[in-house]
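To start, the structure under review is shown below, and the notes come after it.
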Amino acid sequence: MHVILSAALIALSLTAAQRLGWFYPFSPFDMFAGAHTETSHMVARTADGAEHRLDEVTGWDCGAHPQLDPTCPGAHTERDERLLSRIASEAAADGSGQPMEILRHIYRIDPLSRAMVRAECVALTCRASLRDTDGQ
């Protein structure tokens, strides 16, 4: 009896999932349905043009309520919020440090030529310091 009931429940679940457009494991996978054609990566750029990973920078002074430029393409909400939270937690309001830009590199695949296209934009301008890495 349990086998028949289990089989009936599985058949009902599969039928409902198929009618709703859902697949294994019975939930929507729309985020995997299409090809991803754009991604971005953020770095800190000093006044001399040198680029540094964001974890190499500390003592941020970006003003009272820093916001990334909304016109800068390639935004990733969760990653951007983590960055703003990090800037707030490592803030240095004394204005020390050097001018830095948070630069977003945008990589996308051109739909016609299928070539990789790279662009960049300045998402935020601040003052900050490079971490001392001599002891590592």
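The values are calculated or read from the model by the stated rules, or taken from the named source; none is laboratory data. From a predicted model like this one, the values you see are computed outputs, not experimental measurements. All Cβ positions, glycine included, derive from the backbone under ideal geometry; neighbour counts span all protein chains shown. These accessible areas exclude ligands, DNA and RNA; they are computed on the full protein's heavy atoms, side chains included. Shrake-Rupley method; radii C 1.70, N 1.55, O 1.52, S 1.80 Å.
Averaged per residue, the range 71-136 has 65 square angstrom of accessible surface, using a 1.4 angstrom probe with ligands and nucleic acids left out. Under 5 Å between amide hydrogens, built in the peptide plane, is the criterion, and for Val57 it picks out Arg131 among residues at least 5 positions away or on other chains.
Of the listed peptides 115-124, 44-53, what is their order by residue-averaged count of other C-beta atoms within 10 Å, with the highest listed first?
Result, highest mean first: 115-124, 44-53.
Computed from backbone phi, the HN-Hα couplings of the range 112-120 come to 8, 8, 6, 8, 7, 10, 10, 9, 8 Hz, rounded to whole numbers (Karplus: 6.51 cos²θ - 1.76 cosθ + 1.60, θ = phi - 60°; Gly and Pro given as x). Across the accessible surface of the range 94-136, with the other protein chains kept in place and a 1.4 Å probe, carbon and sulfur atoms take up 51 percent. Here the Karplus curve 6.51 cos²θ - 1.76 cosθ + 1.60, taken at θ = phi - 60°, turns the phi angles of the range 71-76 into couplings of 7, 7, x, x, 5, 9 Hz, with x standing for Gly and Pro.
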